[in-house]
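The values are calculated or read from the model by the stated rules, or taken from the named source; none is laboratory data. Being a predicted model, the structure only gives us computed values, none of them experimental. Cβ coordinates were reconstructed from backbone atoms using ideal geometry, including for glycine residues, and neighbour counts include every protein chain displayed. Just so you know, the surface numbers come from the protein's heavy atoms only, side chains and all, with ligands and any DNA or RNA stripped out. Shrake-Rupley method; radii C 1.70, N 1.55, O 1.52, S 1.80 Å.
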Amino acid sequence: MNQNKQPGMSLIVQTVARWLKGFIFLYGVYIIFYGHLSPGGGFAGGVIVASTFVLLTLAFGKERSLGKLGKLLASELDSLGALMFLLIAVLGIAWGRIFFLNFIEKAVPTGNFKLFSAGIIPLCNVAIGIKVAASLFMIFIILAVIRVQEVKGRRRLVTTEKRRKE
Amino acid sequence: MNDIIYLVALPLAMAFFIPMIGRKVRWLPDVLANATTLVLLILAGQTVGREGVYALGGWAAPLGIVLVLDSLSSLLLLIINLVSFMATLFSVDYLEKLYTSKLRYYSLFLLMVAGMNGTVLTGDFFNLFVFLEIASIASYALVGFGCEADELEASFKYLVIGSIASTFVLLAVALLYGRLATLNMAHVAWLLQQNGFDRVTTFAFVLLLVGFLVKGALIPFHAWLPDAHPSAPAPISAMLSGVLIKAIGIYVLIRLTYNVFGITPMLSALFTSIGVISMMIGVLLALGQWDFKRLLAYHSISQMGYVVLGIGLGTPLGLLGGLFHLLNHSLFKSLLFLDSGSVEYETGTRELEKMGNLSQKMPVTAGSTLVASLSISGIPPFNGFWSKLVIILAAVQAGRAGLAVWAVIGSILTLASFSKIQRYAFFGQGKDFEPGKWALYQEVPLLMRIPLLVLSTLCLAGGLILWGGLNGFWGPVVEVLLGGPADYIGSILGR
């Protein structure tokens, strides 16, 4: 419904999205980092972070969000998240001969100036958050760019970039 | 015991590492994937004869997640990692010519291996579901890897049916957890022994049974298999038919019925009848196929019928026969699918009518197909003969001579349909045979020949594993199942 040739949705949506995107992203990060103490965690936070990029795509078109987080980078982050999670698990073997051992000291604050510690759980949440955010963004983008097209008499899946060239 | 966790952790790590690092260097994904599966094969070889329980994160049995290693698990680990090493070796040249994007292929392949190794090792219901889903989802993607219309259709069909089966399993796990407040398989078995079954646990068991019968593709739950297995790239077909339906289908069925819920005469009757039905209908449907890989796919159903028949008999000899046939089937069926891949690699077709006289041009492929065909049809001295013989003897010994007759008829029909492959593809020619194209065919590259030769040798020598019978290699494996839930609980919970 956009009259000028600019991709995306109307000016109102774009303005609101521009204001909100930072807050939504930050909220996602908060959920990831606070997941071991309150409801939430890596998965929920990761979904919220990914939704920032989904919002950008819907409001401004996919070029804008791909400019912020390219497909290659998203794919690397996706793998990185999974590898981080595994690394934390394997560090348990290095530390105490047990896979997934919670090797960082755990503590419940009893006096002043003491920190609450859940061991490796926040680190795992960060890894899961990166993984989930990157994969959900990838799924959304793939659904947005892939189309079915006739190529040499057969119906095939092609990305929109390739499609424009042909 | 720390090494068994690497059977899951290593392929998982490499599945994510290969796409990160492999974009720059062309040969790196091949080398890394083959090195991974080789290391996995060595690790799996080291588990033979050992048993133990590994508590993840140091949390002991009923509360934490445990991995359980026993003879049955190590048999399956050996099969999975042997076939996956052969398949990755075969993939190097095969993928180069026929497909793109090796990075994604190896990534999904190793995820599938991680899922199967996990399924075979785990002693926890929810963990079982997670590993099952890792293996299944990777296989859905791999079936549609070529992205042609019919491959995507097969993949979608597989996805829908497989997801319904997975939902059944998840629902069953939820019901069991709601009723018994535990997810540990041994603890569930213990609580069932103490309190007996009620409606909820019986219903959960039926859901699990249906879910895993679908994954194991036994008739009448087979509809996805004849489409899914031929559509995948050949090494993946070898993995799917050779190990996936066993690791996430038949193995879990065996484990759950024998070690968790306990086998009953009714279950035994169910298994033998499903076994006979799959055996006969599978082979009859295979007879009419003209697509090389589709014919093989129907034979997978039929041969799984033999396995389930042996398992369903419930006698030591029957269990031995069933499990031995499971091992043998993984060898000769993966060999046959790799052979079909070689043929497709050269001729570019899977239609038997378009092939002909390949034995003159591709001696290794033709020879290994002949070995595998004789094995699957139960001709001595190949491994298939010995396992079928044991199953038939077990049926006679159990006083079920009728079942033995069906097994013999199934075997003869198998021989008939494999004569067809030999006649049209290798030693004769089909209707649409093109001599012009035929003149250009040559033997496949060395890296594709090695797995064919190794698997042929194993098919020829496989009968030797039977040496000693129940006192030899198979004794401890059958012991695990005959011990029933009591032994399983004892080995994990110590009560």
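Inter-chain neighbour count for B:145-151: the average number of beta-carbon atoms from partner chains within 10 Å of each residue's beta-carbon is 2. Using a probe of 1.4 angstrom and keeping all protein chains present, the accessible surface of segment A:11-140 works out to 55 square angstrom per residue. The residues packed around A:ARG18, meaning those with a beta-carbon under 14 Å from its beta-carbon, carry a net charge of +3 if Lys and Arg are +1 and Asp and Glu are -1. Can you give the local net charge around B:LEU32? Use residues other than it whose beta-carbon is closer than 15 angstrom to its beta-carbon, Lys and Arg +1, Asp and Glu -1. Surrounding charge for B:LEU32 is +4. Taken over chain A, lysine pairs spaced eight or more positions apart, or on distinct chains, with alpha carbons under 19 Å apart number 12.
Can you tell me the mean projection area, over all orientations, of the convex hull of segment B:236-357's alpha carbons? Units nm², please.
Values: hull surface 30.8 nm².
So the Cα hull casts an average projection of 7.7 nm².
Rg then Dmax, both in Å and based on the Cα atoms of segment B:333-467: 16.8, 57.
The local environment of B:SER417, defined by Cβ-Cβ distances under 14 Å, has a net charge of +4 under the rule Lys, Arg +1 and Asp, Glu -1.
Buried accessible area for the B:A pair, summed, 1.4 Å probe, in Å² rounded to 100?
Values: alone 17580 and 11270 Å², together 27150 Å².
Adding both sides of the contact gives about 1700 Å².
At 222 nm, what helix-only mean residue ellipticity would the protein assembly as shown give, in deg cm²/dmol to the nearest 500, using -39500 (n - 2.57) for each DSSP H run of four or more?
Working: 28 runs with 461 residues, N = 661.
Result for the protein assembly as shown, helices only: -23000 deg cm²/dmol.
Once the 1.4 Å probe is applied to the protein heavy atoms, segment B:23-70 comes out at 52 Å² accessible per residue.
For segment B:116-257, the alpha carbon convex hull comes to 88 Å³ per residue, rounded to a whole number.
Gyration tensor analysis over the Cα atoms of segment A:11-140 returns equivalent ellipsoid semi-axes of 33, 19, 8 Å (largest first, whole Å). Burial of accessible area (probe 1.4 Å, heavy atoms of protein chains only) in segment A:96-123, relative to its chain alone, reaches at least 20 Å² for A:ARG97, A:ILE98, A:PHE99, A:PHE100.
For segment B:75-86, backbone phi angles converted through the Karplus equation (6.51, -1.76, 1.60; θ = phi - 60°) give residue-by-residue couplings of 4, 5, 4, 4, 4, 4, 7, 5, 5, 5, 5, 4 Hz, Gly and Pro being listed as x. Between B:VAL200 and A:ARG64, the modelled label-to-label distance comes to 5.1 nm, taking each label 7 Å out from Cα in the direction of the beta carbon.
For the protein assembly as shown, the mean projected area of the C-alpha convex hull, equal to one quarter of the hull surface, is 33.0 nm².
Separation of segment B:349-385 and segment B:152-169, taken as the distance between their Cα centroids, equals 32 angstrom. Measuring r between the beta carbons of A:THR15 and A:VAL148 and using R0 = 25 Å, the FRET efficiency lands at 0.10. Just to confirm the filter: which chymotrypsin sites (Phe, Trp or Tyr not before Pro) across segment B:51-134 are DSSP coil and have at most 12 other Cβ within 10 angstrom of their Cβ? Taking segment B:51-134 and a limit of 12 other Cβ atoms within 10 Å, no loop chymotrypsin sites (Phe, Trp or Tyr not before Pro) are found. For segment B:312-380, the fraction of C-alpha pairs more than 18 angstrom apart is 48%.
Segment B:408-445 and segment A:95-130 have Cα centres separated by 62 Å. Overall, the accessible surface of chain B at a probe of 1.4 angstrom is composed of carbon and sulfur to the extent of 68 percent. Computed over segment B:39-163, the P(r) tail beyond 27 angstrom holds 28 percent of alpha carbon pairs. Working value for segment B:216-301: equivalent-ellipsoid semi-axes of 26, 16, 7 Å, each the square root of 5 times a Cα gyration tensor eigenvalue, largest first. Would you kindly calculate the translational diffusion coefficient of segment B:3-493, applying Stokes-Einstein with the Kirkwood radius from alpha carbon pairs, for 10 °C and a viscosity of 1.306 mPa s, and quote it in µm² s⁻¹ without decimals? Translational D for this selection: 71 µm²/s.
For B:LYS293, the lysines whose Cα falls under 25 Å of its own Cα, not counting residues fewer than eight places away in the same chain, are B:LYS97, B:LYS102, B:LYS157, B:LYS215, B:LYS246, B:LYS333, B:LYS354, B:LYS361, B:LYS388, B:LYS420, B:LYS431, B:LYS437. Accessible surface of segment A:21-166, 1.4 Å probe: 68 percent of it comes from carbon and sulfur atoms. Of all the options A:LEU123, A:LEU73, A:LEU55, the one that moves most in a Gaussian network model of chain A with Cα springs shorter than 10 angstrom is A:LEU73.
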